[in-house]
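Student: My structure is below; once you've seen it, I'll send some questions.
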Amino acid sequence: MSSIIEVKNLCFSYDGAAKPVRDAIHDVSFSVGYGEIIGIIGHTGSGKSTLIQHLNGLLKPASGEVLLEGKNIWDEPKKIKDVRFKVGLVFQYPEYQLFEETVFEDIAFGPKNMGLKGVELDNRVRNICETVGIKEEYFEKSPFDLSGGEKRRVAIAGVMAMQPKVLILDEPIAGLDPRGRREIISMIKSYREKFGAAVIIVSHNMEDMAVLADKLLVMNGGRLEMFDTVYNVFSKGAHLFNIGLSVPAVTKILYLLNEKDRSIRTDIFTLGEAVEYLRSCGAGGGHA
Amino acid sequence: MLKDITFGQYYEGGSFIHRLDARTKIILLILNIVFLFLAGNYYSLALCSIFTAFVLTLSKVPARMFLKNIKTILPIIIFTSLLNLFYGTGGRVLFTLFWKLTVTTGGISRAVFITGRIVLLILISSLLTYTTTPNDITDAIESLLSFLRVFGLRGAVHVLAMMMTIALRFIPTLVEETEKIMNAQKARGADLENGKLLDKVKALIPILIPLLISSVRRAYELAEAMECRCYNGGVGRVRMKRLRFSLRDLIAAMGNALCCGGVIAFNILL
Amino acid sequence: MDNQIELKNVAFSYENGEEKRDIIKNINLGIERGSFTVILGHNGSGKSTLAKLMNGLYKPTNADGTVLVDGIDTRDEKTEIEIRRKVGMVFQNPDNQLIASVVEEDVAFGPENLGLPPEKTRERVDEALKSVGMYEYRKSTPHHLSGGQKQRVAIAGIIAMRPECLILDEPTAMLDPKGRAEVMDIITRFNRDEKMTIVLITHFMEEAEFADRVLLLCDGEIIRDGTPGEIFSDIKTLKETGLDVPQSTELLYELKKSGIDVDTDAISVEEAAARIYAALHLEEK
């Protein structure tokens, strides 16, 4: 068994006027392997958030199925709660869900719901805090006294404390400054390394996606437009522009340079590689 | 589920009733309720029924919408009619159930009468909410209550109207926010459906606290935004939307008066 | 120089029990009429507080600090409304700025408070909604609009008061790229076509591209003041203050560091491409 989570022919639509039709999903299939980092991109209303809420059973497919380690998550609807411990979902602006008196208690909320108690619970929380770098001096603080970036870290740690095998994050770095962003990204990476979990990240930020993700899943109008390696997806720049998406800024610059000089490569997506490449163009005294 | 909650139940349309001034509709509704209670015999009640049926048809709101409202309070209707059935006196004793529960013709007559009255009451009240947007109702209430100004209560009326406006604006936002928080806590394994009553109450804490905090933050930000838009507690505020009575309102009022006159006449004459 | 807003020795601090925190430390600043100023600062640099000082929502906490709007002191309670009308303010979260559940009634809120006759208000509401491209949504409820559309309605609500100056406190922070572009487009248009004074507070450097002047705020102090070109060429300082540097600027910076002679004062991809093109071809010769 190579994939941890598999989606087969998923269809869903919200009924009633409360939600616009545009958040529906039509016939989406894909699978995610252990330890992979998948980026989901798509403009607002393309069905991204609807899709991720199916993966942990918050929404039930109209048709099609979601398989977690080969087993349909809706085989036993009564046990759907267990699926949520295995597939951790961090919503956008997760700091707004904090409610406990202390940081420690808040992080312990998920594990407690799993039935952990006493030493086991204590270890679980300490373990995750150590992994993601939340220091012990924070444990007894009120989460509401923390800065925005710190709150976000505590909230994410609260989901990680359940030690899910699949970690899904919706716009985890939106609204943070560069330092806050770096911290969250390193937190996600540490978690994946330690627990071998698959990570799914929804983001608008193509630059971060290029650095972080192994594969990109492109949603458009509720359909899966592309699901491929970062290289293959970003190589189809024109197609992405057509569906209202974009490529990293360095790639855009290379496109512009390429318009003037056809020999310039456009298949570079990260800052580091772009610097390296452009330097070689410059240092070589020519670029042909 | 939460998403089914809609505040008000406006049914979009452009009928004669829809286009009436909201103030007219509120006043006529009150008048109708009074006359429903004044209707003292079957003839006047029948007149009220005919009139109600007429305005309901005029509104072009589908009958099923009204039936839905009747259905929700069906238990109350059944309860009151049973009560009247057994406790109504007069007329011939038809039969006796159990111990002393006697059913008389008078009881039946009373039960039918009361039930009819309640049903009409609901129908005519839902007509207001179906044909008038919550905004218009708010504006109409503010305008109707403005006479309180004479008693130096202008501020109170304005505050009431402002509160209603803000509530209308924020209810959908808060419903959506509640849903988001619920989903976030469910994703952390919170169990909101199962368990004993105490567990259920406890399970609300992770939802209510974040909701409370965010509502306070919203209130604070909204207050600042209102200040920035020169809000001054309503002093010197002139509304853009002017409610205007038209010929249509006069016709409606006259139609209604006719019905009310009929009720009085039937009460006395028949 | 004709200053719309003038800050003299302005400080702002608040006391939380024992602790006293200085948010703004002695700022002297003039905002020229008709200019487009961008204030850049990281989270917690005091930029929101600075914005609120500019329209009198907050008053300086030091005795000798004064904020003048068109020469009027914001401490004067009698002129409060006048100042708020002149200096309109748009906030980050569009949801928490809209008051009515019908778009046009919300936009009317400002003019209504000013006591304008209904016909005048109507006129201004229509005009303001048209100027932000939301006229066809005038009967909608804000709840059904996208974030960008809601923010445009919020801007219309301020524009309807006919302000001379518009202060925007991170108006795009909660929007998606499309909404962000829509809002930025409106802001630059108001400055260019209406000659409206704009003060845009943000932590996205990209948004400073069309500004006349960029201020860099760090821990309550203005540490840099110059044209976008001047500010952006100093990427080291920008990064040190914890600002978001656009990738195109960062690319130029990294290229320069690695020994390529390239001008680093660009933010947009177009400018960056032009700089790199120039640099690479120069080296060829």
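The values are calculated or read from the model by the stated rules, or taken from the named source; none is laboratory data. If you're wondering where the values come from, they're calculated on a predicted model, not measured in any experiment. Don't worry about glycine lacking a Cβ; one is built from the backbone with ideal geometry, like all the others, and counts go over all protein chains shown. Surface accessibility is based on the protein's heavy atoms, side chains included, excluding ligands, DNA and RNA. Shrake-Rupley method; radii C 1.70, N 1.55, O 1.52, S 1.80 Å.
Student: Amide H neighbours of C:ASP244 under 5 Å, at least 5 residues apart or on other chains, H built in the peptide plane: list them.
Tutor: C:MET205
Student: While we're on this one: Percent antiparallel among DSSP beta bridges with both residues in the stretch C:3-228, to the nearest 5?
Tutor: 50 percent
Student: Another question, then. So if I place +1 on the C-beta of Lys and Arg and -1 on the C-beta of Asp and Glu, and nothing else carries charge, what would the dipole magnitude of the stretch C:246-285 be about its Cα centre? I want it in debye, nearest 20.
Tutor: Result for the stretch C:246-285 is approximately 100 debye, rounded to the nearest 20.
Student: Enumerate the amide H contacts of A:GLY33 below 5 Å, restricted to partners 5 or more residues apart or on another chain; note that Pro and chain-start residues carry no placed amide H.
Tutor: HN-HN under 5 Å from A:GLY33: A:ILE4.
Student: Run lengths n ≥ 4 of DSSP H only: what is the helix-derived mean residue ellipticity at 222 nm for the protein assembly as shown, with -39500 (n - 2.57) per run over all residues, to the nearest 500?
Tutor: So the calculated ellipticity at 222 nm is -15500 deg cm²/dmol.
Student: A follow-up question, please. Sequence neighbours fewer than 8 away in the same chain don't count; with that in mind, list the aspartates and glutamates whose C-alpha is under 14 Å from C:LYS150.
Tutor: C:ASP95, C:GLU104, C:GLU105, C:ASP106, C:GLU136, C:ASP176, C:GLU182
Student: How many angstrom lie between the Cα centre of the stretch B:56-133 and the Cα centre of the stretch B:203-258?
Tutor: 35 Å
Student: Between B:VAL150 and C:THR79, take the C-beta separation as r, use R0 = 41 Å, and let me know the FRET efficiency to the nearest 0.05.
Tutor: 0.80
Student: Continuing with this model, one more query. Could you go through the stretch A:216-225 in sequence order and give the Karplus-derived ³J(HN,Hα) for each residue, using 6.51 cos²θ - 1.76 cosθ + 1.60 with θ = phi - 60°, rounded to whole Hz, and x for Gly and Pro?
Tutor: Each residue's phi maps through the Karplus curve to give 10, 10, 9, 9, 8, x, x, 10, 7, 7 Hz.
Student: Turning to a different aspect of this structure: At a probe radius of 1.4 Å, figure out the B/A buried accessible area, summed over both chains, and give it in Å² to the nearest 100.
Tutor: 1700 Å²
Student: Summarise the partner chain shielding of A:246-259 as one whole number: the mean count of Cβ atoms from other chains within 10 Å of each residue's Cβ.
Tutor: Mean inter-chain Cβ contacts per residue within 10 Å come to 5.
Student: Can I ask one more? Using a 10 Å cut-off around each Cβ of peptide C:174-185, what is the average number of partner chain Cβ atoms that fall inside? Can you show the working numbers first?
Tutor: Working: counts 4, 2, 6, 8, 4, 1, 1, 0, 0, 0, 0, 0.
If you average over the peptide's residues, the count of other-chain Cβ atoms is 2.
Student: Would you calculate the separation in nanometres between label points at C:ASP2 and B:LEU192, each defined as 7 Å from the Cα along the Cα-to-beta-carbon direction?
Tutor: That separation, rounded to one decimal, is 5.7 nm.
Student: I've got another one for you. Could you tell me the calculated FRET efficiency between A:ASN123 and A:SER280, based on Cβ-Cβ distance and R0 = 51 angstrom, to the nearest 0.05?
Tutor: Between A:ASN123 and A:SER280 the formula returns 0.50.
Student: Taking amide hydrogens as modeled 1.01 Å from N in the peptide plane, which residues meet the under 5 Å criterion relative to A:MET226, leaving out close sequence neighbours?
Tutor: Amide H neighbours of A:MET226, under 5 Å, 5+ apart: A:VAL218.
Student: Can you give the relative contact order of the stretch A:63-147 as a percent, counting alpha carbon pairs under 8 Å and 6+ residues apart? The partial results should precede the final answer.
Tutor: Values: 47 pairs, mean separation 25.5, N = 85.
Value for the stretch A:63-147: 30 percent.
Student: Run the reach check for C:LYS78 against lysines, Cα to Cα strictly under 19 Å, same-chain hits fewer than 8 apart removed. What comes back?
Tutor: By straight Cα distance, C:LYS78 reaches C:LYS52, C:LYS59, C:LYS86.
Student: Under 16 Å from a label point 7 Å along Cα→Cβ of B:PHE16: give me every residue in the stretch B:90-125 with its amide N that close.
Tutor: Of the residues in the stretch B:90-125, none has backbone N under 16 Å from the label point off B:PHE16.
Student: With r defined as the distance between the Cβ atoms of A:LYS60 and C:GLU18 and R0 fixed at 35 Å, what FRET efficiency is calculated, to the nearest 0.05?
Tutor: On the way: r = 53 Å, r/R0 = 1.51.
My answer for the efficiency is 0.10.
Student: Can you compute the modelled spin-label distance between B:ALA257 and A:LYS79, with each label point 7 Å from Cα toward Cβ, in nm?
Tutor: Label-label distance for B:ALA257 and A:LYS79, simple model: 7.5 nm.
Student: Any chance you could look up the accessible area of C:ARG189 with a 1.4 Å probe, heavy atoms only, rounded to 10 Å²?
Tutor: 70 Å²
Student: Still on this structure, I have one more. Can you work out ³J(HN,Hα) from phi for every residue in the stretch A:102-113, in order, using Karplus 6.51 cos²θ - 1.76 cosθ + 1.60 and θ = phi - 60°, giving whole Hz and x for Gly and Pro?
Tutor: Per-residue couplings from phi come out as 10, 4, 4, 4, 5, 5, 6, 4, x, x, 4, 5 Hz.
Student: Let me ask another. Based on the alpha-carbon gyration tensor of the stretch A:248-288 and its eigenvalue square roots a ≥ b ≥ c, which shape applies: rounded if a/c is under 1.5, prolate if not and a/b is larger than b/c, or oblate?
Tutor: Note, shape of the stretch A:248-288 comes out oblate.
Student: Averaged over B:210-222, how many beta carbons belonging to a partner chain fall within 10 Å of each residue's beta carbon?
Tutor: Per residue, the number of nearby Cβ atoms from other chains is 3 on average.
Student: Pairs of alpha-carbon atoms within less than 8 angstrom and 6+ residues apart define the contacts here; what relative contact order does the stretch C:135-247 have, in percent?
Tutor: That works out to 20 percent.
Student: Assign unit charges at the C-beta atoms only (+1 for Lys and Arg, -1 for Asp and Glu), then state the dipole size of the protein assembly as shown relative to its Cα centre in Debye, rounded to the nearest 20.
Tutor: The dipole of the protein assembly as shown has a size of about 4120 debye.
Student: May I ask you to compute the full-extension gain from A:LYS236 to A:PHE144, defined as 0.36 nm times their residue separation minus their alpha-carbon distance, rounded to one decimal in nm?
Tutor: Taking 0.36 nm per residue and subtracting the Cα distance, the gain is 28.7 nm.
Student: Still on this structure, I have one more. In the stretch C:109-125, whose amide N lies under 13 Å from the spot 7 Å out along Cα-to-Cβ of B:VAL238? List them in ranges.
Tutor: Residues C:111-124 fall inside that zone.
Student: Tell me which aspartates and glutamates have Cα within less than 12 Å of B:LYS200's Cα, excluding those fewer than 8 residues away on the same chain?
Tutor: Candidates past the 8-residue exclusion: B:ASP191.
Student: Turning to a different aspect of this structure: Work out the length of the dipole vector of the stretch A:248-288 about its Cα centre, built from +1 on the beta-carbon of each Lys and Arg and -1 on the beta-carbon of each Asp and Glu, and round it to the nearest 20 debye.
Tutor: Dipole about the Cα centre, nearest 20: 100 debye.
Student: Further question: Just for the protein assembly as shown, what percent of DSSP beta bridges are antiparallel, to the closest 5?
Tutor: Given both bridge residues lie in the protein assembly as shown, the antiparallel proportion sits at roughly 55 percent.
Student: Hey, what do the phi angles of the stretch B:56-62 turn into as Karplus ³J(HN,Hα) couplings, whole Hz, using 6.51/-1.76/1.60 and θ = phi - 60°, x for Gly and Pro?
Tutor: 4, 5, 4, 6, 6, 7, x
Student: How far is it, in nm, from the label point at B:ILE78 to the one at C:GLU240 when both lie 7 Å from their Cα along the line to the Cβ?
Tutor: 7.9 nm
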